[in-house]
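The values are calculated or read from the model by the stated rules, or taken from the named source; none is laboratory data. The structure presented is a predicted model; accordingly, all values stated were derived computationally and were not measured. FYI the Cβ positions are ideal-geometry reconstructions off the backbone, even for glycines, and counts take in every protein chain you see.
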């Protein structure tokens, strides 16, 4: 083996160990408050230039894990508590103020910054579930034919 192959990147090892520890602590923290984590990774950002938190604080009230809180005249984010559920985006009175991006369990990426985007996603999920249930229900049935046409 060459010298380059024998070298171990110690910083890479520390980074991976740190991520594993952070993940373990997050899982324990969410479990202690009775919240099931669905999304592997995600991110929540607030545009403080457009945020009307002083007037409403709706996102703080809507957050099921208290990841959003009031701090020094603005909304703060406890990132280790956020489960990327998008409750904050759904109740925010300002479109594109809160942005949530998350990785689904199947690896797909979702991004939301207003309530309409969330409603479209939920409608699409429900539609897919109806199609799957219908297909499973009628799996043994012969395909539908138009039959005779009456004029």
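In this entry, residue 94 is excluded by the filter for residues that are at pLDDT 90 or above and under 30 Å from residue 28 (Cα atoms). Of the residues making up region 102-116, none is surrounded by 12 or more Cβ atoms within 10 Å (Cβ to Cβ), touching a helix residue (DSSP H, G or I) at 6+ places or on another chain (Cβ under 6 Å), assigned to a loop (DSSP other than H, G, I, E, B) and touching a residue at least 40 places away in the same chain (Cβ under 8 Å).
Sub-7 Å Cβ pairs linking a first residue in region 58-74 that is more than 11 Å from residue 98 (Cβ to Cβ) to a second residue that is in a helix (DSSP H, G or I), at least 6 apart or interchain, are 64/87; 69/60; 70/60, ordered by first then second residue. Residue-level check: of (1) exposed (fewer than 11 other Cβ atoms within 10 Å of the Cβ); (2) at pLDDT below 75; (3) farther than 23 Å from residue 112 by Cβ, residue 24 misses just (2). Which residues, taken from region 67-91, are at pLDDT below 90, surrounded by fewer than 18 Cβ atoms within 10 Å (Cβ to Cβ) and touching a helix residue (DSSP H, G or I) at 6+ places or on another chain (Cβ under 8 Å)? Once the filter is applied, which keeps residues that are at pLDDT below 90, surrounded by fewer than 18 Cβ atoms within 10 Å (Cβ to Cβ) and touching a helix residue (DSSP H, G or I) at 6+ places or on another chain (Cβ under 8 Å), region 67-91 yields only 80. Of all the listed residues (43, 7), the sole one being surrounded by fewer than 16 Cβ atoms within 10 Å (Cβ to Cβ) and modelled with pLDDT of 85 or more is 43. Selection of region 46-65 for residues being surrounded by fewer than 12 Cβ atoms within 10 Å (Cβ to Cβ) and either in contact with a strand residue (DSSP E or B) (Cβ under 6 Å, 6 or more places away or on another chain) or at pLDDT below 90 (or both) yields 48, 54, 55.
With respect to being touching a residue at least 24 places away in the same chain (Cβ under 8 Å) and over 11 Å from residue 113 (Cβ atoms), residue 84 fits the description. Inspect region 85-99 for any residue being touching a strand residue (DSSP E or B) at 6+ places or on another chain (Cβ under 6 Å) and in a strand (DSSP E or B) and give the result as yes or no. The answer is yes, given that some residue of region 85-99 is touching a strand residue (DSSP E or B) at 6+ places or on another chain (Cβ under 6 Å) and in a strand (DSSP E or B).
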